[in-house]
1. Quick check on segment 56-170: what are the equivalent-ellipsoid semi-axes from the Cα gyration tensor, as sqrt(5λ), descending, whole Å?
2. Using Cα atoms only, what is the angle between the long axis of helix 183-202 and the major principal axis of the chain, expressed in degrees (0 to 90) to the nearest 10?
3. How would you order 163-169, 191-197 from highest to lowest mean count of nearby Cβ atoms within 10 Å?
4. How far apart, in nm, are two points set 7 Å out from the Cα along the Cα-to-Cβ line at Lys75 and at Asp104?
5. Tell me, in nm to one decimal, what length is gained between Ala57 and Lys32 on full extension, where the rule is 0.36 nm per residue of separation less the Cα-Cα distance?
6. If you average the sequence gap of Cα pairs under 8 Å that are 6 or more apart and divide by the length of the chain, what percent do you get for the contact order?
7. In nm, to one decimal, how far is the Gln124 label point from the Gln86 one, both placed 7 Å along Cα→Cβ?
8. Just for segment 106-202, what percent of DSSP beta bridges are antiparallel, to the closest 5?
Amino acid sequence: MLKSLDERITELTRSILDEAKSDVEKIQAEAKQKESEILKRGKLQAEQLHTEILEKARRDAELRKEERLAEITVKARVEAYERREQLLEATFEAVRKRLPRVPDEPGYLDALMDLMREAIQQLQSEKAILRFDAASRKLTGEEAINELGAEFGVELMIGEDLSEDIGVVAQDEKGHRIFENTLEKRLERQMERLRTTVFSILIGEGS
C-alpha cells in the first residue's frame with residue numbers, strides 16, 4: 001500500500017532528525033576527545049612547567065649555597081690572614097722592644113764583631129767609618145778595630161754614636177756608601193724570610 005504524503009514526510013523528518021542526532025553525538029564525542037586531549041596536554045605542560053620551576057629553584061638554591069660557601073671561605077681566609085698578620089706583628093714588635101737590652105746579654109761582643117765584619121765586607125771601601133750605639137761602642141776596643149782593619153786591609157775609624165738602633169753602621173769617608181748592620185735593620189731585612197718559620201712556631205708546628 002502506498003504511504004500517504006504525510007507518512008512519507010514524517011519518515012523523512014524522522015530520518016533527518018536521526019541523522020542530525022547522530023551528527024550531534026559524533027560532534028560531541030569528537031569534542032570530548034579534543035577536550036580530553038587538550039586537558040591532557042595542559043596537564044602535561046603544567047607538570048612540565050612545575051618540574052622546570054622546581055628544577056630552577058633547586059639550581060638557584062644550589063648556586064646561592066655555593067656562593068654563600070665561597071663567601072664564607074673567602075671571609076675565613078681573610079680573617080685567618082689578618083689574625084696571622086696580627087700575631088706576627090705582635091711577635092716582631094716584642095722582638096724590637098727587646099733589642100735595646102741585647103748588648104747586655106752574654107755573647108753579644110762576638111755577635112757585634114760578626115756584624116762589623118759583614119758591614120766592612122758589604123761596604124767594599126779602602127777607608128770606612130764605623131758608627132755604633134753607645135752600648136756597643138763601649139764594648140769595642142781600639143785593638144779590636146785595628147785587628148779588623150788589618151784583617152780586611154781597610155783603614156777603620158770610629159764615627160759619631162748612633163742616635164737610635166743597636167749594632168753598627170759602616171760608611172765611606174764621604175758618606176756616599178752606607179751599610180746599616182744594626183739589629184733593627186737585620187730584623188727588617190729578614191722579616192719576610194722569617195714569617196713562615198715564626199708563624200709555625202706560634203701555632204705549635206715548630207719543634
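Just so it is clear, none of the values below were taken in a lab; they were calculated from the coordinates. These figures come from a predicted structure and were not determined experimentally. Here the Cβ positions follow ideal geometry from the backbone for every residue, glycine too, while neighbour counts run over all protein chains shown.
1. Numbers: eigenvalues 608, 55, 20 Å².
Working through the eigenvalues yields semi-axes of 55, 17, 10 Å.
2. Tilt of helix 183-202: around 40 degrees.
3. Details: 163-169: 18.6, 191-197: 12.0.
Packing order, densest peptide first, comes out as 163-169, 191-197.
4. 4.8
5. Details: separation 25, 0.36 × 25 = 9.00 nm, distance 3.63 nm.
So the chain would gain 5.4 nm between Ala57 and Lys32.
6. Working: 147 pairs, mean separation 36.2, N = 207.
Averaging sequence separation for qualifying contacts and normalising by length gives 17 percent for the chain.
7. In this crude spin-label approximation the distance works out to 4.5 nm.
8. On the way: 9 of 13 bridges.
Close to 70 percent.
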